[in-house]
Amino acid sequence: EIPSVSPAGDIVTGIGNGAFTGASFTSVALPETLETIGNNAFAYNKVLKTMVIPEGVTTINNYTFRNCSSLTTVTIPASVIGIGNYAFNGCTALTTVNYSGTAEQWSKISVGSNNAPLTNLQPVIHSYNWVVTTEPTCTQTGLETGTCACGATATRVIPTIAHTYTWIETATSTC
């Protein structure tokens, strides 16, 4: 699991270029705070089987999962609007693409070249009924859990809410 807060107390919003290139894990829990995944972030992981990309990530960058030859299932959130060149190239075991958006949203995703393992599949389009499981505060994000009629579930982050101030005059000014 990649934590949502770094040891220094910073919220984790990105995975750097090549961060886990050549690593060997079958799955990894990505933080719900994630917004970006760098180029080659998980490339050449020969044992990675499943990947759930959290809501909030907008782009699956170039070569992100290149040659992840055991990757069978990927879940892509509706927030994704672009998939880079070679992002799924060499993912020869890929058989299931779960997508949390609509078919119309899926058709509008800009997909780069050499992604045949992804583009040759029809995504499973889920229609989630979302329920707030953790209310956001001014300092903490909240969480929603969605359930599809097929039994699939997903979670997404609710952004923190802004502070609202009410000014109350407690003394009459004397100047």
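Pairs meeting the criteria (first residue in region 143-159 and in a loop (DSSP other than H, G, I, E, B), second residue of a type in the set (Val, Ile, Thr), beta carbons under 9 Å, at least 6 apart or on different chains) are Cys150/Val124; Ala152/Thr75; Ala152/Val124; Pro159/Thr141. Within region 7-36, residues that are on the phi > 0 side of the Ramachandran plot and touching a residue at least 12 places away in the same chain (Cβ under 8 Å) have Cβ atoms under 7 Å from residues that are part of a loop (DSSP other than H, G, I, E, B) and open to solvent by 60 Å² or more (accessible area, probe 1.4 Å) in these pairs: Gly22/Tyr44, counting only partners at least 6 apart in sequence or on another chain. A single member of Thr133, Thr119, Thr166 is open to solvent by 90 Å² or more (accessible area, probe 1.4 Å) and either more than 18 Å from the chain's Cα centre (by Cα) or more than 26 Å from Glu104 (Cβ to Cβ) (or both), and it is Thr166. Among residues of region 30-61 being in a strand (DSSP E or B) and of a type in the set (Ser, Thr, Tyr), the one that is modelled with the lowest pLDDT is Thr36. The listed residues are Thr64, Thr75, and the only one of them that is crowded, with 19+ Cβ neighbours inside 10 Å, outside any loop (DSSP other than H, G, I, E, B), touching a residue at least 12 places away in the same chain (Cβ under 8 Å) and of a type in the set (Val, Ile, Thr) turns out to be Thr75. Hydrophobic (A, V, I, L, M, F, W, C), under 26 Å from Thr141 (Cα atoms) and in contact (Cβ under 8 Å) with a residue 24 or more places away in the chain - does that describe any residue in region 86-102? No.
The values are calculated or read from the model by the stated rules, or taken from the named source; none is laboratory data. Since the model is a prediction, treat every value here as computed from it, not as a measurement. When we count neighbours, we look across all protein chains shown, and the Cβ atoms used for this are built from the backbone with ideal geometry, even at glycine. Just the protein is used for accessible areas: all its heavy atoms, side chains included, with ligands, DNA and RNA removed. Shrake-Rupley method; radii C 1.70, N 1.55, O 1.52, S 1.80 Å.
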